[in-house]
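After the structure tokens below, expect a handful of questions from me.
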Amino acid sequence: ACPAPLDRQYREDILKLEKAGGRRNCRIFTYTDRDRFTDLEEYCQKVTDSEHEVPSYLAERMASVRRRRQEHKPVDGSSLKSKIITWEPSEEFIKNNHVINTPVQTMYIMGDLGPYGKLGHREYEHVLCTIKVDGNGVITVKPDFSGTKGPYWVKLDGEKQEVWKYTIENASVQVQPEEEEREQSVFRDVSSSLTESPVMGPAPGTLRLFVNGEIVSAQGYEYDNLYVHFFLELPNEWSSPVSQQLSGVTQICATKTVGREDVAYFCYPFTLDMILTQGDESEDSLPQWPVLYFEVLSLDFWQRYRVEGYGSLVLPASPGPYRFTIPTWRPVELGTVAELRRFFIGGSPELEDITYTRIPSTFKGEHLSRLGFRTQSTGSVTIQLHCLQQARAFLESSTLRQRMQSVLDRLGGFSQQSSVYNVLEAFQRARRRMQEARDSLPQDLISTSASTLPQAQDP
């Protein structure tokens, strides 16, 4: 199964190698982004200086959902010449020290430097070259191509003190002059378009929502060592970039007693980027906003998992800073057997579909009944959000004086979108109450009031 041309090319190369008897040099091999070696090298961060420290079970299981961080060089304490804390940083200092974490894919070129007859042992494996590709398409090769620098050295710690030398060469096909000229012309066109229109907003008829969030803390739960699993649900008209991660897991945090509650401070930041595209619905309909779901869990010393609570939050419809404290609940079973199982061996009733916290995504009916579903209130999660919105309607100065053709234009014409929701909902409620009151009155009373109304005269 080779869906892509590159996969077919790899398959043909492998078949040629098999017919030729394999590679002559069995010492050089690779670890790709899907291998366990790459996960352990990038995700597991040690907390001690011990060489025999083993990563925790949760760190290995949650490695695939955490965002990888770019490599940072450690700072030697002896060469530290500046202050650790800068109380009054300048704009240039902030600009130079700002680091953006982007997801990367990594491949390691390894060398098996063991003696003959003992190939394949883990202790003789050494990293010769690291190749990284980030979400922006930037390829990083470390160490750099040898060129005129000479070969790199790898010195072993065995009895013979062996020294291996290797070089890294760029074997890529050189770009043809025609292709290079075409690429330069594309760069010139892009740079000229950016110069002519410095403000690059979203396309007409779309609304972009950018959220900088932080899971601050979780308080009031039964067990210690908490962590939060969250994910974002996008309605039908919403979309997100390919590189956007819609889920995440915080670190495990021990609780501390603050007042009468046990609080776990996560301070876990996350970013969300979404785009709303207006559909063919009627003008009176308002779009649904994304929902952020939370699942609070605990993990103890014996690797026992317990679900502590579920919660949800609808993202604010208007821009600005927000701080929410979301109460959570968890499903329970009747009887003492379930509580004994939860206390001794861990585990508790869980939701198969976490969207059941509000309205399940698979629900198609008109009435949702939760009769017989037993729950228990637990703690709460505190979260901070900073919401930003972009739309072409915001750039038009005459938006308020124009007849708006779509829901997005109406949202762009008001400074507070929440007021639109409140006014429409209040109007609908008042209209229903008036209709119900009119239907409850006797018909003869309505006809009598209608007949006497024109005869009324002013005193």
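Between residue 244 and residues 5 or more places away or on another chain, which pairs have amide H atoms under 5 Å apart, with H built 1.01 Å from N, and which residues are they?
Residues meeting the amide H criterion: none.
Residue by residue through segment 257-265, which ³J(HN,Hα) values in whole Hz follow from phi under the Karplus form 6.51 cos²θ - 1.76 cosθ + 1.60 (θ = phi - 60°), with glycine and proline marked x?
Result, ordered by residue: 7, 10, x, 9, 10, 9, 10, 10, 9 Hz.
What does the charge count near residue 186 come to, summing +1 for each Lys or Arg and -1 for each Asp or Glu among other residues with Cβ under 15 Å from its Cβ?
Result for the local shell: -4.
Using heavy-atom solvent-accessible surface (probe 1.4 Å) with all chains present, what is the largest-first order of 243, 185, 377?
From most exposed to least exposed: 377, 243, 185.
On to the next question. Could you run the Karplus curve 6.51 cos²θ - 1.76 cosθ + 1.60 with θ = phi - 60° over segment 353-360 and give me ³J(HN,Hα) per residue in whole Hz, x for Gly and Pro?
Once rounded to whole Hz, the list reads 10, 5, 5, 5, 4, 10, 10, x.
Skipping prolines and chain starts, which residues have an amide H placed within reach, meaning under 5 Å, of the one on residue 221, given they are 5 or more residues away or on another chain?
262
While we're here: Would you pull out the residues with amide H under 5 Å of residue 309's amide H, same chain only if 5 or more places away, H placed 1.01 Å from N?
Close amide H contacts, sequence-distant or interchain: 296.
Follow-up question, since we're still on this one. Express in Å², to the nearest 10, the accessible area of residue 12 obtained by rolling a 1.4 Å probe over the protein heavy atoms while all chains stay in place.
Residue 12 has an accessible surface of roughly 110 Å² with all protein chains in place.
Work out from phi, with θ = phi - 60° and the Karplus expression 6.51 cos²θ - 1.76 cosθ + 1.60, the ³J(HN,Hα) of each residue of segment 226-237, listed in order in whole Hz, and give x for Gly and Pro.
9, 8, 10, 9, 9, 8, 10, 9, 9, x, 5, 7
Let me ask something additional. Ranked highest first by average number of other Cβ atoms within 10 Å, how do 357-363, 166-172 line up?
Per-residue Cβ counts within 10 Å, averaged per peptide and sorted highest first, yield 357-363, 166-172.
Of the cross-linked pairs 16/142; 16/118; 256/364; 132/155; 16/132, which ones have a Cα-Cα span greater than 32 Å in the structure shown?
In this structure, 256/364 lie more than 32 Å apart at Cα.
The values are calculated or read from the model by the stated rules, or taken from the named source; none is laboratory data. Small disclaimer: the values here were computed from a predicted structure and weren't measured. Because the Cβ atoms are built from the backbone with ideal geometry, glycine has one as well, and the counts that use them run over all protein chains shown. For accessibility, only protein heavy atoms count, side chains too; no ligands or nucleic acids. Shrake-Rupley method; radii C 1.70, N 1.55, O 1.52, S 1.80 Å.
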